[in-house]
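Structure first, then comments.
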Amino acid sequence: MTASTPPTASATASRAPGSPNSPHSPASRADRIGDAALDLLVERGMRGLTHRAVDERAGLPQGSTSNHARTRQALLETAVRRQVQLEARVLAPDELPGARTGTTTDGEAEATADAGAEVATDAGAEATAGADAEATADQADPRLRTAALADALSLALHRYLTDHRALLVSRYELALEATRRPELRTFFDAAGSAFRDPLVAMTAAAGSPEPERHALSLVAWCEGLMFSCAAGSFHAAVPSRAELRTGFEELLRGMLGSR
């Protein structure tokens, strides 16, 4: 990939499947303000993020952003919230194997319970035997489990790095500002749990004896790559998906003890 000026964060996010910026789902005013804030961070940095500038970029009447987020802290929180929403559409943490463990909603839990009752009625012991056989197969060949995880992770990261690089810039602008604003740091970290928690669940489901520590190692590796692609040694060329998959496989094999 050759070096080029990255598109705005909202422009890249509009290409994500199910984006609220798509013609089928018009963005709300809050989303428009968040998108405009992220675009300004990408183009002008933190100094360019003002209530007036957001109004102009979003095409809203003057004062609209101030009515939605009266303080600068509130405006930054709006930007962080939107950043998390857009990243979730790109990274799709629910697609990761085992990511939904322990994170079902009440509706999902009820649907699962109903489905489970039906399966038990129709199939009984056969369903249980099948589940046991699948678990045994996974344990018998951990290489398959590691390969599946590496494939899913490499797909998500490569999609982010190649098609949504502007989001990397806004991400680091907000992260750096959070180091100077303790109140934003708390909000930023809490928002980030939307990605950390599924990753911990994923590593636990994969058989990790220390899922918290292993998830942290995966996050650190991904963070290093993302920064390199935004401003470091990979700013002009992104690693291929095959290269990313190899890296994930090496990490996961070391963590999970598979060869």
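When the accessible area of the stretch 23-70 is split by element with a 1.4 Å probe, what percent falls to carbon and sulfur? Before the final figure, lay out the partial values.
Details: 1170 of 2590 Å².
Answer for the stretch 23-70 is 45 percent, counting heavy atoms of protein chains only.
Report note on the peptides 233-239, 48-54: ranked by the mean count of other C-beta atoms within 10 Å, highest first, their order is 48-54, 233-239. Sort the stretch 159-259 into rounded, prolate or oblate with this rule: let a ≥ b ≥ c be the square roots of the eigenvalues of the Cα gyration tensor; rounded if a/c is under 1.5, and if a/c is not under 1.5, prolate when a/b is larger than b/c, oblate otherwise. It comes out oblate by the Cα gyration axes.
Compute the Rg to Rh ratio over the stretch 210-259 from the alpha carbon atoms, using the Kirkwood formula for Rh, and round to two decimal places. Present the calculation step by step, with values, prior to reporting the outcome.
On the way: Rg = 12.1 Å, Rh = 11.7 Å.
In the stretch 210-259, Rg relative to Rh is 1.04.
Taking all protein chains in place and a 1.4 Å probe, what share, in percent, of the accessible surface of the stretch 198-252 do carbon and sulfur account for? Of the solvent-accessible surface of the stretch 198-252, carbon and sulfur hold 61 percent. If you take all other residues with their beta carbon under 14 Å from the beta carbon of CYS229, and give Lys and Arg +1 and Asp and Glu -1, the sum is +1.
A Förster distance of 30 Å, applied to the separation of the beta-carbon atoms of ARG81 and ARG241, puts the FRET efficiency at 0.55.
The values are calculated or read from the model by the stated rules, or taken from the named source; none is laboratory data. Just so it is clear, the model here is predicted, and its values are computed rather than measured. Methodologically, a virtual Cβ is constructed for each residue, glycine included, from the backbone with ideal geometry; neighbour enumeration extends over all protein chains shown. The area values use the complete protein model at the heavy-atom level, side chains included, leaving out ligands, DNA and RNA. Shrake-Rupley method; radii C 1.70, N 1.55, O 1.52, S 1.80 Å.
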